1. Non-local amide H neighbours of residue 199 (under 5 Å, H modeled in plane, Pro and chain starts lacking H): which ones?
2. Treating each Cα of the stretch 122-171 as an identical point scatterer and ignoring solvent, apply the Debye formula and state log10 I(q)/I(0) at q = 0.30, 0.31 Å⁻¹.
3. Just how many % of Cα pairs in the stretch 227-310 lie over 14 Å apart, if you round to the nearest whole percent?
4. Hey, can you grab everything whose amide H is under 5 Å from the amide H of residue 237? Only 5+ residues off in sequence or another chain; H modelled, so Pro and N-termini drop out.
5. State, as an integer percentage, the relative contact order of the stretch 10-164 based on alpha-carbon contacts under 8 Å between residues 6 or more apart.
6. Rg to Rh for the stretch 10-164: what is it, with Cα atoms only and Rh by Kirkwood?
7. Would you mind pulling out the separation of the Cα centroids of the stretch 99-142 and the stretch 219-241, in Å?
8. Read phi for every residue in the stretch 253-265 and hand back ³J(HN,Hα) as whole Hz from Karplus 6.51 cos²θ - 1.76 cosθ + 1.60, θ = phi - 60°, with x for Gly and Pro.
Amino acid sequence: MTKNTQASLLARFDQHPLWYSYLLLGCYLLINNSINATSVWMEHSRNPLNTVQLWEPFLWEYSSALSTLLLCPFLHWMFSRYPMRLSNISPLLITHLLGSLVFSVAHVSLMVGFRSVAYGLAQQDYSFGPVLREFFYEYRKDVWGYLFFFGLFQLLQFVYRRLKGEASLIQTGDDTEASASPAADNKPASISSAAAPRHFLVKKLDKEFLIAVADIEWLEASGNYVNLHSKGRIYPLRATLSNTMEQLATQGFSRIHRSFAVNHHAIDSISYQPSGDGEIQLKNGQQLALSRRYKDDFRAAVQATGTSAL
C-alpha cells in the first residue's frame, strides 16, 4: 500500500470513524457468528433424533451479534474512559470486571428478548432455561468477549495513533529555562506553563511534521490523550485536556465541555437552548456541544478576544 493510498484511507476513516468502526465490527460478527451457526447446525444434524430446525442456530447466533452491536456505545465509553495502564491496576481490574458484568446482563437480556420475539412469530415457545445456570454459562463467554474487545480496542488505538502521528509540544527557549526550575519538576514533561507554544511536533512513523497551534480548530479528550483536530486531520497528544488548556488559553482557546475545547477563530456561529446548553458551529461544518457549566467563562473569553461569532 502506497503512502498516498494510506493517507487517503485514513482521511476517509476520520470523516465517519464510528460508522466505519460499526461496519467493520458488523462484518466480523456476521462472518464469525455465521460460522458458529453452521457448526451448531452440523453438530445437531448428525443426530438422527435432531429436532432443531435450520433457522434456529442462525437466530441464536445473530441475536447475540445484534445485542453486541447495540451495546458497542457502552463498550466504547468504558474502554475510552478507563484505558489500559500499568499504574493503579487493581481499581482498573475491578472497574472492568464490573463493566463486563453489566455488559453480560444487558447482552443476555437483549438476546433472550430477540429470541422470544422470533420464536413467538414462529408460534413456538423459547425457554432460556434455569436463569442462574444459563447466565453463568453466558457470562463465561461474555467476559472473554469483553476482554477480547478491550484488548483489540487498545491495539487498534495504538496502531491508529502510529499511522496518524503523535503530537508533542515544542518548547521555546523560555520553556527550557523554566523546566530547570524546581517548580517545573512537578509538571508533566509535555506540558509547561511557562510559555504558550506556537507549534506541535508530530511524529508519524519515520517522519516529523510541524503543526501550527493557530491551525488547530478544536480539541477532544480521549482517555489518556487529547485529539487535536486540524484541517480534517486528527493528531493525538498524550496529555489531559486540562493541562493542554493551561497552555492554549492565552492563544484563543476555551473549554466548552468536559470533553471539548475550541479555537475561537474557528467558530462560525453559536446557538443556545432553553436548558442553558448550546451548540457551536465551526467554519468547517463541525458541530460541538456547549455545556452550560462552561458557558459563562466561554462567553467572557470570546468577548475578550473580540470574536464576532458570539
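1. Under 5 Å from the amide H of residue 199 lie the amide H atoms of 170, 213, each far enough along the sequence or on another chain.
2. For the requested q values the scattering log ratios are -1.02, -1.04.
3. 62 percent
4. Amide H neighbours of residue 237: 167, 226, 227, 228.
5. Rounded, it is 22 percent for the stretch 10-164.
6. Numbers: Rg = 18.1 Å, Rh = 17.6 Å.
In the stretch 10-164, Rg relative to Rh is 1.03.
7. Here the two parts' Cα centres lie 39 Å apart.
8. Here the 3J(HN,Hα) series is 10, 9, 6, 10, 6, 4, 10, 10, 9, 9, 7, 4, 6 Hz.
A short reminder: the numbers here are calculations on the coordinates, not readings from a lab. None of the values given here were measured: they were computed from a predicted structure.
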